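J.: The structure that follows is given in the form of structure tokens.
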Amino acid sequence: MTKKKPRKLIRFATSTVLMLALAAGFQMAQADARTLNFATPRPPTERPTNDVLRWWVDEVNARTGGTIEIKVHWLQSLVAFRDAARGIQSGVADIGDVTPEYTAARNPLWAITQTETGSGDNYIATEAWRRATNGFTPLEEESAQIGLRPIGYYSSGVRVNISTTRPYLTPDDFKGDKVRMTPRAISARTNSKWNVTPVNITFTDIYSALERGTIDGAQSYLYVIAPYKHNEVAKHVVNTTIGQSLIPVMMNARVWESLTDKEREVFLELEPLFSEKMTKAGLEEAEQSIQLLQNHPRYPVEYYTLNEAQRAAWEQDMAPAIEEYINDIAKRNPAAHELHERLMTHIAEVEREVQEHGYPWQRKQSLEASE
């Protein structure tokens, strides 16, 4: 006669097997987790755009079921901003912010993201680029050739002129100053005979250059002034309301191909959400920056916004330089003219939409309020 095992013993054995199975599964999940390194020049401060980046990191982890973890390396600690494209391509970083200003020779079409005329609004510029490049094969081919895959975009915001001597309200205000300028502005200086000495330094060197007097001013971006403490060394800030610098977030193409279909789908789903949230956060930071710059307890600046005549003066002088710039890009990629025309068309289109209906998040709020 076979003796029955006590029920307590059976329950204990079953529980033990279940716990061991769960532990083994947990260890396997932990082993399968993959860390992707994200390189950024941003300081790890508490600011709306950093909040969005942290949200995106958490979303990637949650939506992939923990198979992908993003580790952010702040303040150029992994790779220098000007070398970000090469650093990502070589695998030093897996993902990162890339500025096309430093990579125009290798990826000319991406350089078209840097505008000098048209709206400098974060949302308008970013959404216009997304529409202009949707299904644009030449850009996709160019990205593939350099081993990078865009997974998001955001704008550095409207261009501003910062200076220690006098506000640069029109090109006539340069008066021989030494100024860190964009390539298009340097061309405009030659074509329109601006009395200014352009100085080639990286964005991250602006503070020390202003402090030492190596430069008298710089073309910069509104909401990065306070985080990078440029208001400590600059006295004047001029909001031009035109032009901006779009920053694509790039992933190493080999890394992209190594992801599972589910993981790639997560990044694709998050791209429009990330871009919209970043533009909204950028606009919030711009407003916060204006208040902070004007009312800083130790380092307030004189803040100016261009009137229509002053804005027209910049756009008039910049127009020939932009045409020359696009012609130069077209020598390396003939699709440049078409892409630039598409971008400027969509900038005007999105600007009208915002004027008539507000931003997407405002439309959502209005719709929710009416329901």
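The values are calculated or read from the model by the stated rules, or taken from the named source; none is laboratory data. Everything numeric in this text was worked out from a predicted model, so none of it was measured. Quick reminder, even Gly has a Cβ in these numbers, built from the backbone with ideal geometry, and neighbours come from all protein chains shown. The area values use the complete protein model at the heavy-atom level, side chains included, leaving out ligands, DNA and RNA. Shrake-Rupley method; radii C 1.70, N 1.55, O 1.52, S 1.80 Å.
J.: Nearest 5 percent is fine: what portion of the DSSP beta bridges confined to the chain is antiparallel? List each step's numbers first, then the result.
T.: Values: 22 of 39 bridges.
Taking every DSSP beta bridge within the chain, about 55 percent pair in antiparallel fashion.
J.: Cα centroid distance between region 122-187 and region 331-356, in Å?
T.: Region 122-187 and region 331-356 have Cα centres separated by 13 Å.
J.: Also: For the chain, what is the charge dipole size about the Cα centre, in debye to the nearest 20, if Lys and Arg each add +1 at the Cβ and Asp and Glu each add -1 at the Cβ?
T.: Working: 42 positive and 48 negative charges, 423 e Å.
It comes to approximately 2040 debye.
J.: Find out how many positive minus negative residues lie around TRP314, taking Lys and Arg as positive, Asp and Glu as negative, among other residues whose Cβ is under 10 Å from that of TRP314. Walk me through the numbers on the way to the answer.
T.: Working: positive: ARG159, ARG311; negative: GLU116, GLU315, ASP317.
Here the charged neighbours net out to -1.
J.: Let me have the relative contact order for region 119-233, percent, based on Cα pairs under 8 Å that are six or more residues apart. Walk me through the numbers before you get to the answer.
T.: Working: 125 pairs, mean separation 32.9, N = 115.
The value is 29 percent.
J.: What angle do you read, to the nearest 10 degrees and between 0 and 90, between the alpha-carbon axis of helix 48-63 and the longest principal axis of the chain?
T.: 30 degrees
J.: For n ≥ 4 DSSP H runs only, could you compute -39500 (n - 2.57) per run for the chain, divide by its residues and tell me the 222 nm figure to the nearest 500? Present the calculation step by step, with values, prior to reporting the outcome.
T.: Details: 12 runs with 185 residues, N = 371.
About -16500 deg cm²/dmol.
J.: Would you kindly find the accessible area of TRP194, with a 1.4 Å probe and non-protein molecules such as ligands, DNA and RNA excluded, rounding to the nearest 10 Å²?
T.: 20 Å²
J.: Of ASN61, ASN239, ASN191, which has the largest mean-square fluctuation in a 10 Å C-alpha GNM of the chain?
T.: ASN191
J.: If the elastic network links every pair of Cα atoms under 10 Å, which of ASP97, ASP205, ASP317 fluctuates the most in the Gaussian network model of the chain?
T.: ASP205
J.: By how many nm would the segment from ARG254 to HIS357 grow when fully extended, if each residue of separation counts as 0.36 nm and the alpha-carbon distance is taken off? Working shown, then result.
T.: Details: separation 103, 0.36 × 103 = 37.08 nm, distance 4.11 nm.
That works out to 33.0 nm of additional length.
J.: Within a Cβ distance under 12 Å of THR190, other residues only, what is the Lys/Arg minus Asp/Glu net charge?
T.: Net charge in that neighbourhood comes out at +1.
J.: Between region 29-80 and region 264-292, what is the C-alpha centre distance in whole Å?
T.: Between the Cα centres of region 29-80 and region 264-292 lies a distance of 15 Å.
J.: Angle, helix 360-370 long axis vs. longest principal axis of the chain, Cα atoms, 0 to 90°, nearest 10?
T.: 70 degrees
J.: Follow-up question, since we're still on this one. Can you give the local net charge around HIS337? Use residues other than it whose beta-carbon is closer than 13 angstrom to its beta-carbon, Lys and Arg +1, Asp and Glu -1.
T.: Values: positive: LYS331, ARG332, ARG342; negative: GLU323, GLU324, ASP328, GLU338, GLU341.
Net of charged neighbours comes to -2.
J.: With a 1.4 Å probe and all protein chains left in place, how much accessible area per residue does the chain have, in Å²?
T.: 49 Å²
J.: Let me ask something else about it. Accessible area of region 120-227 with a 1.4 Å probe: how many percent of it is carbon plus sulfur?
T.: Numbers: 1660 of 3810 Å².
Ligands and nucleic acids excluded, carbon and sulfur give 44 percent.
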